[in-house]
């Protein structure tokens, strides 16, 4: 599949992390979502009903990011991927999610720590 919808730089202040200090206050996260879907129909019809509503996907991601805390970025990314796929109305064949912690609790200077996963829609 060569067609892709991209959501870049969704930002959240959320409480996720394995360390006690990460569970005390919100910290900044950034999420990217790539949705693989056939966009040819929407290209022909110019009708939102023929494509993925990326606003609905962004809302689903926000629900996860602002929801119950996850200890690991890997677990958080799995939850985001499942929510994003669910918000595509069955039009997506797969989703790639990147979750970045913008202030990771590590020594040294780093702009972010993150994970990227790709998950296929059920039955695909």
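Out of all the residues in segment 41-57, which are over 11 Å from residue 5 (Cβ atoms) and surrounded by 12 or more Cβ atoms within 10 Å (Cβ to Cβ)?
41, 50, 56 - these are the residues of segment 41-57 that are over 11 Å from residue 5 (Cβ atoms) and surrounded by 12 or more Cβ atoms within 10 Å (Cβ to Cβ).
Would you point out the residue of segment 9-30, among those that are in a strand (DSSP E or B) and in contact (Cβ under 8 Å) with a residue 40 or more places away in the chain, that is nearest to residue 68 (Cα to Cα)?
Looking at residues that are in a strand (DSSP E or B) and in contact (Cβ under 8 Å) with a residue 40 or more places away in the chain, I get 14.
From the list 33, 52, 61, which residue is in contact with a strand residue (DSSP E or B) (Cβ under 6 Å, 6 or more places away or on another chain), in contact (Cβ under 8 Å) with a residue 40 or more places away in the chain and assigned to a helix (DSSP H, G or I)?
Being in contact with a strand residue (DSSP E or B) (Cβ under 6 Å, 6 or more places away or on another chain), in contact (Cβ under 8 Å) with a residue 40 or more places away in the chain and assigned to a helix (DSSP H, G or I) holds for just one of 33, 52, 61, which is 61.
Taking the conditions exactly as written (touching a residue at least 12 places away in the same chain (Cβ under 8 Å), out of contact with any strand residue (DSSP E or B) (no Cβ under 7 Å at 6 or more places or on another chain), part of a helix (DSSP H, G or I) and at negative phi), does residue 83 satisfy them or not?
yes
Looking at this structure, is residue 92 touching a helix residue (DSSP H, G or I) at 6+ places or on another chain (Cβ under 7 Å) and closer than 14 Å to residue 36 by Cα?
The answer is yes for residue 92.
Determine whether residue 42 is modelled with pLDDT of 95 or more, farther than 19 Å from residue 114 by Cα and in a helix (DSSP H, G or I).
Against the criterion (modelled with pLDDT of 95 or more, farther than 19 Å from residue 114 by Cα and in a helix (DSSP H, G or I)), residue 42 qualifies.
Just one of (1) over 12 Å from the mean Cα position of the chain (by Cα); (2) touching a residue at least 12 places away in the same chain (Cβ under 8 Å); (3) part of a helix (DSSP H, G or I); (4) surrounded by 13 or more Cβ atoms within 10 Å (Cβ to Cβ) trips up residue 71, so point out which.
(3)
If a residue must be under 16 Å from the mean Cα position of the chain (by Cα) and assigned to a loop (DSSP other than H, G, I, E, B), how many such residues does segment 90-111 contain?
1
The values are calculated or read from the model by the stated rules, or taken from the named source; none is laboratory data. Owing to the predicted nature of the structure, the values given are computational and were not obtained by experimental measurement. Cβ coordinates were reconstructed from backbone atoms using ideal geometry, including for glycine residues, and neighbour counts include every protein chain displayed.
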